[in-house]
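The values are calculated or read from the model by the stated rules, or taken from the named source; none is laboratory data. Note that the coordinates shown come from a computational prediction; the quantities given were computed from them, not determined experimentally. A quick note on method: Cβ atoms are made from the backbone with ideal geometry, for glycine too, and the neighbour counts reach across all protein chains shown.
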């Protein structure tokens, strides 16, 4: 990133030396993990560029939008309806982070036994290295897991304008009503923040922008069914991650462009891994930038990832919002309908998720499932026990991994993953 | 316990050798911890008897009730409204347990990083050593924490008749509506199970029985304000624990009887600890039988416990249900009103709890607060960080303890607790 951004970072209140050191580490990791891949689609250049400029040009864009009177909303979860944000011309950005930072400071505020994702978000804030959180006009939390629900009570004192959205725990009528009520409340909050009245036309436009982004991702996912695989799991994960940060229209165009290229590759049977490479479905907790540890180990151990059953993956992007409604009520209801289908482990029971995993396993012609849980993430950890059992009953090879953001377990993980890949070959 | 019960335990499907060994361990622990106390009120004899017969006579009573066509309901949480159970002449018993059992078997079903209370309940079931769970006609789970919510999905396959009650996460109008809806649903389930139609008369009677139990506990709590302290924290905890198992009417009478005795002791300034003994308020996670570790360490380290801000304590028993309503609707609403005030850490925000801790600290003239969290109990662990900070800002000495049911940390806990008591003397 160019030095032109130093003034901007300083104005945002970043700790420049700490931020420099973070960028250096990330840059190194990215080079080692991403740039060492062979035969990547040319279209990845755009996403490489976005990553290079993720704290630079993208932040400049957000600040330009703010200067033009628009708002930036930060969020930690795929349950925050981007359609409503877009309907006010505001921009939604993801605040989940995938690296340890300022851990000592974090553990003064949160128990050591808190999941890495929550600790990381706190660390980036406390360490003053996240230009996204510093650019946000409002941060939206949600009562998904106990960890986040209770951590927001602490976060509210270290960020300004934290808004918390309640969440249901069961897919009952009352659960749906609660979600609907919260989305209407959020709509009002967005209207008050932006001064924009969300009418049907605006809401429909918001829905269409976000649906187009999802459609582009669906197209990309479908192409990964090909054999040999035309794009690495690491690259696909990167696109899934950038989905949370980039301008949605530009992003959709870029995904469609790389899909055009990939289609041609498929015609020529031009894969990034040779034919017959064991195909892995990843399932479980979200992987935020720069959490590339597990996919990197998998794809340097002789296998390729063909799908992500994850918030940063299909759980986050599947299903469109029906945009045929004509009133605000109809469109809002369509939004609720789409989000209420998300098969997150916070719901009980959550059997839809198991069905989706099996469905993805079959659709992507996978050879095995690696279930990824963040340590101390109770919903996914406990659910993984049931899922492992159910998959094994269906003779689907399954490996259950529990890890965090540290690099200490790389050797151990590699040993387990190599053994698993050997077994499914 | 007499051998007469062996046939009964066998019929319930208990593993007799394992159960014998459990009873032996518990008996030994009870003798060491409870019977070694000096100058206990005579009224404790009744509660000692109940403990001796907790797997014997009490189970015989429950089975006799079942033979007479009544039902036994097991529950894991103070949010299950006993009033509604009582209104059908059924009996509610607590299923939380406070000792490790069959841990190896449990960890095949649940992640190692699950709180001791959940693991223990699973262990007692898997190890076939809990006559309460085996006697229950229905077990009621509730979506309080992530751990329990997700564990019930697994428990449902190892017990018969698990019924899960949804729970709100915020004290909003929608949250109250959800709780109300769930209590009405529970009423219907109880009616179907028992064949009893819950009319206003029955509901009012249920409310009065449970209120009387609470009133007796409130009376006991109030007497602990005296100096010197007329009853140990261990004994008070035992009464709080037995509150979940005993026949409510007999229990209330026994508590009132010991209160009569304690009142006389107070007049004579006859304490169980000498005047000036540092007074501790315990706050945090529930302590189920036989989880006496922390209170035992505290009361053998030169301090006395004067109050429990806990589900097994005031959080569980404070506030009565208004019984003045005349219709089922009015009485049901009064039940919802009372339970919706419970300041459990599953709610966000939960500032009422902090206020209650401060209030108890002052009311019981405590010298310090020991916050007790079960390891991996995220709601209480995270909340304890805020509470510690807030109490220290008020110059209330606070010690934050995180532990489980193992005995391995006794030495370390004793060192920390002795140092804390030294500091507040």
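Looking at region B:349-371 only, could you name the residues that are within 13 Å of chain A (Cβ to nearest Cβ), in contact with a helix residue (DSSP H, G or I) (Cβ under 6 Å, 6 or more places away or on another chain) and surrounded by fewer than 23 Cβ atoms within 10 Å (Cβ to Cβ)?
Correct list: B:349, B:354.
Regarding region B:40-61, can at least one residue be identified that is surrounded by fewer than 19 Cβ atoms within 10 Å (Cβ to Cβ) and either touching a strand residue (DSSP E or B) at 6+ places or on another chain (Cβ under 6 Å) or at positive phi (or both)?
Checking region B:40-61: not a single residue is surrounded by fewer than 19 Cβ atoms within 10 Å (Cβ to Cβ) and either touching a strand residue (DSSP E or B) at 6+ places or on another chain (Cβ under 6 Å) or at positive phi (or both).
How many residues are closer than 26 Å to residue A:383 by Cβ and away from chain A (no Cβ under 14 Å) if we restrict to region B:87-109?
Going residue by residue through region B:87-109, those that are closer than 26 Å to residue A:383 by Cβ are B:95-97, B:100-109.
Imposing the further condition that a residue be away from chain A (no Cβ under 14 Å) reduces the set to B:95-97, B:100-104.
Qualifying residue count for the region: 8.
Find the residue count for region A:250-299, including only residues that are in contact (Cβ under 8 Å) with a residue 40 or more places away in the chain and under 26 Å from residue A:120 (Cα atoms).
The qualifying residues number 19.
If you scan region B:372-384, which residues turn out to be touching a strand residue (DSSP E or B) at 6+ places or on another chain (Cβ under 8 Å) and surrounded by 20 or more Cβ atoms within 10 Å (Cβ to Cβ)?
Residues of region B:372-384 that are touching a strand residue (DSSP E or B) at 6+ places or on another chain (Cβ under 8 Å), as a first pass: B:372-375, B:380-381, B:384.
Listed by number, the residues that qualify are B:372, B:373, B:374, B:380, B:381, B:384.
If we scan region B:216-234, do we find a residue that is touching a helix residue (DSSP H, G or I) at 6+ places or on another chain (Cβ under 7 Å), touching a residue at least 12 places away in the same chain (Cβ under 8 Å) and over 30 Å from residue B:53 (Cα atoms)?
Yes, region B:216-234 contains a residue that is touching a helix residue (DSSP H, G or I) at 6+ places or on another chain (Cβ under 7 Å), touching a residue at least 12 places away in the same chain (Cβ under 8 Å) and over 30 Å from residue B:53 (Cα atoms).
What number of residues within region A:144-167 satisfy the criterion of being in contact (Cβ under 8 Å) with a residue 60 or more places away in the chain and over 20 Å from residue B:147 (Cα atoms)?
Residues of region A:144-167 in contact (Cβ under 8 Å) with a residue 60 or more places away in the chain: A:144-148, A:165, A:167.
With over 20 Å from residue B:147 (Cα atoms) added as a condition, the list becomes A:165.
Of the residues in region A:144-167, 1 are in contact (Cβ under 8 Å) with a residue 60 or more places away in the chain and over 20 Å from residue B:147 (Cα atoms).
Looking at B:244, B:273, which is the one that is modelled with pLDDT of 95 or more, over 18 Å from residue B:364 (Cα atoms) and outside any helix (DSSP H, G or I)? Before the answer, list the steps.
Working: B:273 fails: over 18 Å from residue B:364 (Cα atoms).
Testing whether each residue is modelled with pLDDT of 95 or more, over 18 Å from residue B:364 (Cα atoms) and outside any helix (DSSP H, G or I) leaves just B:244.
Just to verify a result, which residue in region A:110-120, among those that are within 14 Å of another protein chain (Cβ to nearest Cβ) and outside any loop (DSSP other than H, G, I, E, B), is farthest from the chain's Cα centre (by Cα)? Step through it out loud before you land on a result.
Within region A:110-120, the subset within 14 Å of another protein chain (Cβ to nearest Cβ) is A:110-119.
So of that shortlist, the ones also outside any loop (DSSP other than H, G, I, E, B) come out as A:116-119.
Values: A:116: 15, A:117: 11, A:118: 14, A:119: 16 Å.
Among those residues, the one meeting the criterion is A:119.
Do the conditions hold for residue A:60, that is, is it under 29 Å from residue A:321 (Cα atoms) and assigned to a helix (DSSP H, G or I)?
No.
Any chance you could count how many residues in region A:383-412 are within 21 Å of the chain's Cα centre (by Cα), over 18 Å from residue A:360 (Cβ atoms) and free of Cβ contacts under 8 Å to residues at least 40 places away in the same chain?
1
Considering only residues of region B:158-167 that are facing chain A (nearest Cβ under 9 Å) and either surrounded by fewer than 22 Cβ atoms within 10 Å (Cβ to Cβ) or over 21 Å from the mean Cα position of the chain (by Cα) (or both), which is farthest from residue B:340 (Cα to Cα)? Give the steps one after another, and end with the answer.
At the first step, the residues of region B:158-167 found to be facing chain A (nearest Cβ under 9 Å) are B:164, B:166-167.
With the extra rule that they be either surrounded by fewer than 22 Cβ atoms within 10 Å (Cβ to Cβ) or over 21 Å from the mean Cα position of the chain (by Cα) (or both), the set shrinks to B:164, B:166.
Numbers: B:164: 18, B:166: 13 Å.
Of everything passing the filter in region B:158-167, B:164 is farthest from residue B:340 (Cα to Cα).
Name, by its number, the condition in (1) more than 30 Å from residue A:347 (Cα to Cα); (2) touching a residue at least 60 places away in the same chain (Cβ under 8 Å); (3) not in a helix (DSSP H, G or I) that does not hold for residue B:197.
Of everything listed in (1) more than 30 Å from residue A:347 (Cα to Cα); (2) touching a residue at least 60 places away in the same chain (Cβ under 8 Å); (3) not in a helix (DSSP H, G or I), residue B:197 misses just condition (2).
Tell me which residues, restricted to region B:169-184, are in a loop (DSSP other than H, G, I, E, B) and either more than 8 Å from chain A (Cβ to nearest Cβ) or without any contact (Cβ under 8 Å) to a residue 12 or more places away in the chain (or both).
Of region B:169-184, the ones in a loop (DSSP other than H, G, I, E, B) are B:169-172.
The answer is B:171, B:172.
Taking residue A:191, is it under 25 Å from residue A:133 (Cβ atoms), surrounded by fewer than 19 Cβ atoms within 10 Å (Cβ to Cβ) and more than 14 Å from every other protein chain (Cβ to nearest Cβ)? Let's see the steps before the verdict.
On the way: under 25 Å from residue A:133 (Cβ atoms): yes; surrounded by fewer than 19 Cβ atoms within 10 Å (Cβ to Cβ): yes; more than 14 Å from every other protein chain (Cβ to nearest Cβ): yes.
Yes, satisfied.
Based on this model, can you work out whether residue B:130 counts as at pLDDT 95 or above, crowded, with 24+ Cβ neighbours inside 10 Å and closer than 23 Å to residue B:240 by Cα? Please lay out each step first, then the result.
Working: at pLDDT 95 or above: yes; crowded, with 24+ Cβ neighbours inside 10 Å: yes; closer than 23 Å to residue B:240 by Cα: yes.
So residue B:130 passes the test.
Looking at region A:1-41, which of its residues are within 20 Å of residue A:296 (Cα to Cα) and in a loop (DSSP other than H, G, I, E, B)?
The answer is A:36, A:37, A:38, A:39, A:40, A:41.
Only one residue in B:106, B:78 is closer than 21 Å to residue B:287 by Cα and free of Cβ contacts under 8 Å to residues at least 40 places away in the same chain, so which one is that?
Numbers: B:78 fails: free of Cβ contacts under 8 Å to residues at least 40 places away in the same chain.
After ruling out the rest, the residue left standing is B:106.
Just checking, how many residues over region B:314-365 are in a loop (DSSP other than H, G, I, E, B) and closer than 29 Å to residue A:346 by Cα?
So the count comes out to 11.
Within region A:337-348, can you find the residues that are touching a residue at least 60 places away in the same chain (Cβ under 8 Å) and more than 14 Å from chain B (Cβ to nearest Cβ)?
Of everything in region A:337-348, those that are touching a residue at least 60 places away in the same chain (Cβ under 8 Å) and more than 14 Å from chain B (Cβ to nearest Cβ) turn out to be A:339, A:340, A:342.
I need the full set of residues from region B:94-109 which are touching a strand residue (DSSP E or B) at 6+ places or on another chain (Cβ under 7 Å) and part of a loop (DSSP other than H, G, I, E, B), in order please. Give the derivation first.
Narrowing region B:94-109 to residues touching a strand residue (DSSP E or B) at 6+ places or on another chain (Cβ under 7 Å): B:94-95.
Residue satisfying the conditions is B:95 alone.
Tell me which residues, restricted to region B:137-156, are part of a loop (DSSP other than H, G, I, E, B), more than 7 Å from chain A (Cβ to nearest Cβ) and touching a helix residue (DSSP H, G or I) at 6+ places or on another chain (Cβ under 9 Å). Give the steps one after another, and end with the answer.
Step one: filter region B:137-156 for residues part of a loop (DSSP other than H, G, I, E, B), giving B:137, B:143-145, B:156.
Right, trim to more than 7 Å from chain A (Cβ to nearest Cβ) and you get B:137, B:144, B:156.
If the condition is that a residue be part of a loop (DSSP other than H, G, I, E, B), more than 7 Å from chain A (Cβ to nearest Cβ) and touching a helix residue (DSSP H, G or I) at 6+ places or on another chain (Cβ under 9 Å), then B:137, B:144 are the ones that fit.
Out of the residues in region B:374-412 that are part of a loop (DSSP other than H, G, I, E, B) and within 14 Å of chain A (Cβ to nearest Cβ), which is nearest to residue B:295 (Cα to Cα)?
Once the filter is applied, the top-ranked residue is B:404.
What number of residues in region A:194-208 are surrounded by 18 or more Cβ atoms within 10 Å (Cβ to Cβ) and in contact with a helix residue (DSSP H, G or I) (Cβ under 7 Å, 6 or more places away or on another chain)? If you could, list the steps in order and put the result at the bottom.
Residues of region A:194-208 that are surrounded by 18 or more Cβ atoms within 10 Å (Cβ to Cβ), as a first pass: A:194, A:198, A:202-204, A:206-207.
Keeping just the survivors that are in contact with a helix residue (DSSP H, G or I) (Cβ under 7 Å, 6 or more places away or on another chain) gives A:198, A:202-204, A:206-207.
Number satisfying all stated conditions: 6.
Pick from B:121, B:116: which is crowded, with 24+ Cβ neighbours inside 10 Å, more than 19 Å from residue B:189 (Cβ to Cβ) and free of Cβ contacts under 8 Å to residues at least 60 places away in the same chain? Step through it out loud before you land on a result.
Details: B:116 fails: free of Cβ contacts under 8 Å to residues at least 60 places away in the same chain.
Among B:121, B:116, only B:121 is crowded, with 24+ Cβ neighbours inside 10 Å, more than 19 Å from residue B:189 (Cβ to Cβ) and free of Cβ contacts under 8 Å to residues at least 60 places away in the same chain.
Quick check on my filter: what residues within region A:157-168 are in a loop (DSSP other than H, G, I, E, B) and closer than 29 Å to residue B:185 by Cα? Give the derivation first.
Step one: filter region A:157-168 for residues in a loop (DSSP other than H, G, I, E, B), giving A:157-161, A:166-168.
Selection gives A:166, A:167, A:168.
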